[in-house]
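Peer 1: Here it is, the structure, as structure tokens.
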Amino acid sequence: MTTRPRPSFPARLDRLAAPAARAAQTAPLAAGAAGAPVPAGRAPVRPQGLGLDSQAVRLAMVQKLAAQGLRDARVLEAMGRVERHRFVDTALATQAYEDTSLPIGLGQTISKPGVVARMAELLLAGHDQRRSEGRAERMGRVLEIGTGCGYQAAVLSLLVQEVYSVERLRGLHEKARENLRPLRLPNVHLLFGDGMLGYAQGAPYAGIIAAAGGEAVPQAWIDQLAVGGRLVAPVAAAGGGAQALMVIDRTAQGVQQHCLEAVHFVPLKSGIA
Ligand code: SAH
């Protein structure tokens, strides 16, 4: 086992970019930490001796995200608050704050923190652009396709008013439920179903974010996007297996589409299993 440099204690707040420093000062979103109640029957997963409960570990991750060019203070703060190590197997917990995707079972992965943050930033930027049109301070309802272990849903819950998150694999839908239960996030709604159909009952959405990439963006998602809403999704790039991040803005004049950087997501599949 290799030893990794640990952040020094106390963390040097003076060396941080301002948003990262603020993130460090915000309490983590955790049950079972520092006296918060844990529901009966569920022992908190507490890897011993790893320091993962320490805010400094997430602070180091947030610093790296800021160094990579993530600027949105709200996103950096949210990334600093959600304890990613609680969403992965104990055996992988030591890697939870590296910018890497990790297996979560059933052949799926938890997205890289850098990608989660980037997509959240793009989503909020779309909302901010239209704030002048009298929009609420906080983005409204957001639909997430691909709950996985529930990590991104937890991050989004700190940034938007309501999160509807759909998962097609029952095992992961249930795992996300377990992971999120102790966090008690009343604005997260977990749904079991085929997200390729969107979730019409919650529409229209101020934002839609997909954590799995298909050949094209399903028409249902565009139909369920509010006018003034933004969709962020990985989509297969022309030819080969490569994917690119796609941003689609629905305006009163129609749909505007931008293709951004290359990404690597698990495939978007139809049906439930
Ligand atoms: N946001 C997740 C990422 C999970 S990986 C996290 O933070 O961990 C993407 C997930 O998308 C997988 O769990 C996969 O099963 C799911 N998925 C793929 N196609 C889907 C579909 N049509 N509807 C709902 N979920 C889908």
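The values are calculated or read from the model by the stated rules, or taken from the named source; none is laboratory data. Model, not experiment: these values are computed from the prediction. Reconstructed Cβ throughout: ideal geometry from the backbone, glycine too, with neighbour counts over all protein chains shown.
Peer 1: How about region 248-273: which of its residues are outside any strand (DSSP E or B) and within 16 Å of the ligand (Cβ to nearest atom)?
Peer 2: H264, F265, L268, K269, S270, G271, I272, A273
Peer 1: Only one of these conditions is not met by F192: (1) within 20 Å of K112 (Cβ to Cβ); (2) in contact with a His (Cβ under 8 Å, 6 or more places away or on another chain). Which number is it?
Peer 2: Every listed condition holds for F192 apart from (1).
Peer 1: With the structure loaded, tell me whether A233 is closer than 21 Å to K112 by Cα and either out of contact with any helix residue (DSSP H, G or I) (no Cβ under 9 Å at 6 or more places or on another chain) or among the aliphatic types (A, V, I, L, M) (or both) or whether it fails that test.
Peer 2: It is true that A233 is closer than 21 Å to K112 by Cα and either out of contact with any helix residue (DSSP H, G or I) (no Cβ under 9 Å at 6 or more places or on another chain) or among the aliphatic types (A, V, I, L, M) (or both).
Peer 1: Continuing with the same structure: Check off (1) more than 13 Å from the ligand (Cβ to nearest atom); (2) buried (at least 18 other Cβ atoms within 10 Å of the Cβ) for I209 and give me the number that stays unchecked.
Peer 2: In the conditions (1) more than 13 Å from the ligand (Cβ to nearest atom); (2) buried (at least 18 other Cβ atoms within 10 Å of the Cβ), I209 misses (1) alone.
Peer 1: Looking only at region 114-139, count how many residues are out of contact with any Asp or Glu (no Cβ under 7 Å at 6 or more places or on another chain), away from the ligand (no atom under 16 Å from the Cβ) and either in a helix (DSSP H, G or I) or at pLDDT 90 or above (or both).
Peer 2: So the count comes out to 9.
Peer 1: Filter region 86-100 down to the residues that are surrounded by 20 or more Cβ atoms within 10 Å (Cβ to Cβ) and within 13 Å of the ligand (Cβ to nearest atom), then identify the one that is nearest to the chain's Cα centre (by Cα).
Peer 2: F87
Peer 1: Kindly indicate whether any position in region 30-44 is closer than 21 Å to L183 by Cα, modelled with pLDDT of 95 or more and charged (D, E, K, R).
Peer 2: no
Peer 1: Pairs needed: first member in region 261-273, hydroxyl-bearing (S, T, Y); second member anywhere, near the ligand (Cβ under 6 Å from one of its atoms); C-beta distance under 9 Å; at least 6 residues apart or different chains.
Peer 2: S270/R168; S270/D194; S270/M196
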